[in-house]
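Visitor: Could you have a look at this structure, given as structure tokens, before my questions?
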Amino acid sequence: MPALEQRTIAKVSRRLVLFLILCYFVAYLDQVNAGFGVFASLPVFWTPPAAFLSGSAAAAAAAAAAAAAAAAGIAIINALGNLAGFLGPYATGCIKDATGSFEGGLLVI
């Protein structure tokens with residue numbers, strides 16, 4: 001192999017490796033940023049149900065009942081979410097089998 005070709009391959013290889021390392025770190029930072037976004041939304045999502053379901057507890061005895069009501073309400077929300085996570089794909093599959101297309105199943109959801 002001529003010397004010019006070897007130098008060219010070496011230079012391109014160095015630059016390509018550096019570029020790939022840079023791409024890896026950018027992808028990692030993007031995943032970290034997406035994770036922050038997902039977990040930052042959880043407190044905002046669960047605060048209103050607890051506030052609405054607990055009501056205003058003026059007395060100490062009413063505070064325990066309000067906390068129990070909030071816990072029960074959050075449990076119902078969680079249970080409905082789990083049920084929908086099962087029934088949604090199941091219904092989509094049944095409708096796809098009946099019609100031969102995913103369009104009807106996605107319209108139902």
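Visitor: Loosely packed, with under 10 Cβ neighbours inside 10 Å, among the acidic types (Asp, Glu) and modelled with pLDDT of 85 or more - does that describe any residue in the range 29-43?
Guide: No, the range 29-43 has no match at all.
Visitor: If you check every pair at least six apart or on different chains, which have Cβ atoms under 6 Å apart with a residue in the range 62-75 that is small (Gly, Ala, Ser) first and a residue that is at pLDDT 70 or above second?
Guide: If the second residue must be at pLDDT 70 or above, the pairs left are Gly73/Pro49.
Visitor: When you scan the range 21-44, do you find a residue that is hydrophobic (A, V, I, L, M, F, W, C), assigned to a helix (DSSP H, G or I) and touching a residue at least 24 places away in the same chain (Cβ under 8 Å), even just one? Please lay out each step first, then the result.
Guide: Taking the range 21-44 and keeping what is hydrophobic (A, V, I, L, M, F, W, C), we get 21-23, 25-27, 29, 32, 34, 36, 38-40, 42, 44.
Those left that are additionally assigned to a helix (DSSP H, G or I): 21-23, 25-27, 29, 32, 34, 36, 38-40, 42, 44.
Still in the running and touching a residue at least 24 places away in the same chain (Cβ under 8 Å): none.
No.
The values are calculated or read from the model by the stated rules, or taken from the named source; none is laboratory data. Bear in mind that the values here come from a model prediction, so they are computed numbers and not experimental data. Note that each Cβ is placed from the backbone with ideal geometry, even for glycine, and that neighbours are counted across all protein chains shown.
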